[in-house]
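Just so it is clear, none of the values below were taken in a lab; they were calculated from the coordinates. From a predicted model like this one, the values you see are computed outputs, not experimental measurements. Neighbour counts are summed over all protein chains in view; Cβ atoms, including those assigned to glycine, are modelled from backbone coordinates with ideal geometry.
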Amino acid sequence: MRNPYFAHPAMSLTDLIKWVKGLHGDVTEHRVIPAADATFAEWTSIPDIDQKIVSALNHRGISKLYIHQAKAVALAMQRRDFVIVTPTASGKTMCYNIPVLDSIIKSPQARAIYLFPTKALAQDQLSELHGLVEEMNLDVRTFTYDGDTPGDARTKVRKAGHIVITNPDMLHTGILPHHTKWKNLFENLRYVVIDELHTYKGIFGSHFALILQRLLRICEFYGSRPTFICCSATISNPAELAELLTGRNMESVTENGAPTCERHIIFYNPPIVNRQLGIRRSSLLETARIAIEALSNGIRTIVFSRSRINVELLLKYLQDAAQKRGISPGRVAGYRGGYLPNERRDIERGLRSGDIHCVVSTNALELGVDIGSLELALLHGYPGSVASTWQQMGRAGRQKSDGAVSAAIMVASSLQIDQFLSANPSYFFGASPEHARVNPTNPYIQIGHIKCSSFEIPFCKGEKFGVCDTDEALDYLARHDVLHMAEGRYYWQEDSYPAVSLSLRSATSENFVIHDITDTANPIVIGQMDRRTAPTLIFPQAIYFHRGEPYQVQELDHAEMRCYVKRVNVDYYTDGDAAARIEVLDELQRREDMGWGEVLLAVRPTVYKKIKLLTHENVGYGHIHLPEEQMHTTAFWINLPPRGMPGEGVSAERETSLYGLANLVRSIAPLFLMCDRGDIIVKGHERDPHFRCPTLFVADNVPGGIGLAEALYDIGHGLFKACFDAISNCKCAYGCPACIGASVEDSGEKRGVRDLLSLIIGRV
């Protein structure tokens, strides 16, 4: 239905698609996914379900369940652990609300914990649950418990809450360490619901797995054994991930019975403005151009962008354009981390009501918050994984009426992976979604949670923590007076409270605390940053953005882990670079010329660029004077023969080819790994000291590693075949940002990298 704010004749979504295809850029893919009808199951397929639930759902117009909902509810009521994997807007909420409410109706002392990765999702689910409970006229007390919960309400939640809706951070710091206050919850805990399972990957997922082991340890102490209900978007290994996180054997529900509308998916590459250098028109401006046209024609749109800065820029462009076209700027909103909770709730309500017609967001709205029925999802750049891309595309098209149409348009940026997918869309559509990888045995992460769990309940000698032995770690902590051992048990004896100092977003607890000293008489803490990412982001003279405002780093105190910043008025940001050094410590696996193992990764920041916000011009540079940072991690490597390499006998040419290949691998590897570019370090050694031959390394940029190196070893030649396709299909002459990085005319660098890849593919 056309929005009443747009009185003039407007083009439809189908017309907009035709308009996009007529632009000067390249539409490299236009795929139509046809609508699908619903597949239902009868209520009789779920034995013993309480009729109050059936009546309430019938009253809300739900006379039957989809087949995946019925199967999930049946498994839950049989107290079997499972993971359900179906697309967005397929009604996964019913898969856990029905069995949880049924258990509370039949046994009023029963309790459940719902875990969501964000507060927005928790608030959304609270509203959904309240509506269903009121429909049934039941005394089921449901509360959110997070950082926004008032102090006077927390006691009520602990004592009276049938269903506690929270997040991993609050479970980690606010519930598990105070389990004696939650005795009623843990003694009667029947279900633990984990929504958006696919978000628990990498460091965060590794922490979350150990938080769940702490939870199960406490449940065992109180004599309960909860059933796990996990919900996920499409990834390759949902059952494996759920089993790694929970330590339980999992069943899978994957057949989707929900209806879908017709969906158009378009890959759009901005027009080339300098063919020789392979430079295209700004993807940010092209995204804004399409969004403005959609907004002007009343097409309800969500725009995704990868960074906070780009969200703010797009928001400004769209609001200015709306005003010029006689549309209220209030019809456009931004949504990202850093906004206050009440601001985010207002935006969500505005989207559901239709008062807000276009929202520009980071991946904060990628997850299943109810934002109403949108027609168009516009992606500024590849989100970083196949799973995330489908999630973002799925935010449009929730309407199920006959004849409904939705569209998703991905505008490629200049990054190599974007250009690769634009030129090879079959890689996206043919690829199975990535594996989500976690490593709960990472010693750097594990030791922190052993400390937390010791604080909660003393360990016995010989006791396991998940699948891992603990004696060595417990003895180490006892030797350092963190624990006290007496009569075969380890007791916490430090004054500190371990959970507070353990960040879930980094492998170690060493974070720089960022202090705003604009008002020198009243310095305030405005943020923190983990030690891993700090060297190229908060070096002296760097520009640090907080809530869209620029600050300049005045001083970095490594001894006290403090960063001092001052508010400035500048129109540029800084981008730091670093030199990496990798030393092999232990080869764990090897086949032919590939292997993976433990390495020492040393990183030293070198230089930084100043880049204008609007034009992305390079307007200056400087040197970074910081010490080298070292970590033990894991790496994948491939050895290359010195003979037959491009430029044989000329070390500079060989090194140039390796450098270009490293750039390409750094961009293509995340396509296989479900990780960010910053999660890996890629380095080519022209003559590696350990192997005494040219070697390319891909290292986990996380202390102890999180499984990325091992995954690349398993992928093997598939990575280099994808790199070969990327460089072969790139139309530049010498090398450009879409393949190996900028290259000098007639340098032969692109040819050298292509020849090197041919050599690798022929040998692996």
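Give the percent of DSSP beta bridges with both residues in the chain that are antiparallel, rounded to the nearest 5.
On the way: 79 of 131 bridges.
The answer is about 60 percent antiparallel.
For the chain, what is the relative contact order in percent, using Cα pairs closer than 8 Å and at least 6 residues apart in sequence?
Values: 1560 pairs, mean separation 89.3, N = 764.
Contact order relative to length: 12 percent.
Could you give P(r) for the range 467-565, binned at 10 Å from zero, as whole percent values over all Cα-Cα pairs?
So the P(r) values, bin by bin, are 13, 33, 24, 17, 11, 1.
Give me the tail of P(r) for the range 40-253 as a percent: Cα-Cα pairs with distance above 24 Å.
Tail of the P(r) past 24 Å holds 38 percent of the pairs.
Picking from H130, F228, V54, whose Cα lies most toward the positive end of the charge dipole for the range 40-253 (charges on Cβ: Lys, Arg +1; Asp, Glu -1)?
About the Cα centre, the residue reaching furthest to the positive side is F228.
Over 5 Å intervals from 0, what percent of Cα-Cα pairs in the range 1-157 sits in each interval?
1, 7, 13, 15, 14, 12, 9, 9, 8, 6, 4, 2, 0
What's the whole-number percent of alpha carbon pairs in the chain lying beyond 54 angstrom? Spell out each step's value before the answer.
Values: 29077 of 291466 pairs.
Here the tail beyond 54 Å accounts for 10 percent of pairs.
Based on C-alpha coordinates, I'd like the Rg and Dmax of the range 404-490, in Å.
Every Cα atom of the range 404-490 included, Rg and Dmax give 23.9, 69 Å.
So what's the net charge close to Q419: Lys and Arg +1, Asp and Glu -1, counting the other residues with Cβ under 13 Å from its Cβ?
Numbers: positive: R280, K731; negative: D26, D418, D725.
Result for the local shell: -1.
Aspartates and glutamates near K316 by alpha-carbon distance under 16 Å, same-chain residues fewer than 8 away left out - which ones?
Straight-distance partners of K316: E286, E293, E549, D571.
Measure out, as a whole number of angstrom, how far apart the alpha-carbon centroids of the range 597-632 and the range 453-474 sit.
With the range 597-632 and the range 453-474 each reduced to a Cα centre, they are spaced 40 Å.
For the range 443-501, give the magnitude of the charge dipole about the Cα centre (Cβ charges: +1 Lys/Arg, -1 Asp/Glu; no others), in debye to the nearest 20.
That gives a dipole near 100 debye.
For the charge dipole of the chain, defined by +1 on Lys and Arg C-beta atoms and -1 on Asp and Glu C-beta atoms about the Cα centroid, which residue among I715, A578, S728 has the Cα displaced farthest towards the positive pole?
Result: S728.
Placing unit charges on C-beta atoms (Lys and Arg positive, Asp and Glu negative, everything else neutral), compute the dipole magnitude of the chain about its Cα centre in debye, rounded to 20.
1500 debye
Run through the DSSP bridge list for the range 40-253 and note the antiparallel percent, rounded to the nearest 5. Don't skip to the answer; put the middle values down first.
On the way: 2 of 25 bridges.
Around 10 percent antiparallel, to the nearest 5.
Based on the inverse mean of 1/r over its pairs of different Cα atoms, what is the Kirkwood hydrodynamic radius of the range 443-501, in Å?
Value: 11.3 Å, from the Cα pair sum.
Near K52, which aspartates and glutamates are there with a Cα under 14 Å away, not counting those fewer than 8 places off in the same chain?
Within reach: D102, E134, E135, D139.
Have a look at the DSSP beta bridges in the range 447-582 and tell me what percent are antiparallel, nearest 5.
85 percent
Excluding C723 itself, what net charge comes from residues whose Cβ is under 13 Å from its Cβ, given Lys and Arg +1 and Asp and Glu -1?
+2
Got a sec? Charge dipole of the chain, +1 on Cβ for Lys and Arg, -1 for Asp and Glu; which of L367, S385, F697 is way out at the positive end?
L367
I'd like to verify something in the chain: which complete DSSP H helices, judged by Cα projection on the helix axis, reach 27 Å or more and average at least -0.5 on the Kyte-Doolittle scale?
What comes out of the filter, once short or polar helices are dropped, is 202-222, 651-673.
Restricting things to Cα coordinates, could you compute the convex hull volume per residue of the range 195-332 in Å³?
212 Å³
Take K106 and V32, extend 7 Å from each Cα along the Cα→Cβ direction, and tell me the distance between the two endpoints in nm.
So the label points at K106 and V32 sit 4.8 nm apart.
Taking 56 Å as R0, compute the FRET efficiency from the Cβ-Cβ separation of V525 and R79 and round it to 0.05.
0.75
For a 30 Å ceiling on Cα separation, which of these pairs sit above it: K683/K721; K612/K731; K119/K183; K18/K119; K324/K610; K64/K159?
K18/K119; K324/K610; K64/K159
Using per-residue counts of other Cβ atoms within 10 Å, averaged over each peptide, order 381-392, 556-567, 294-305 from highest down. Write out the running numbers ahead of the final one.
Working: 381-392: 22.4, 556-567: 15.8, 294-305: 24.8.
Highest-to-lowest ranking by the protection proxy: 294-305, 381-392, 556-567.
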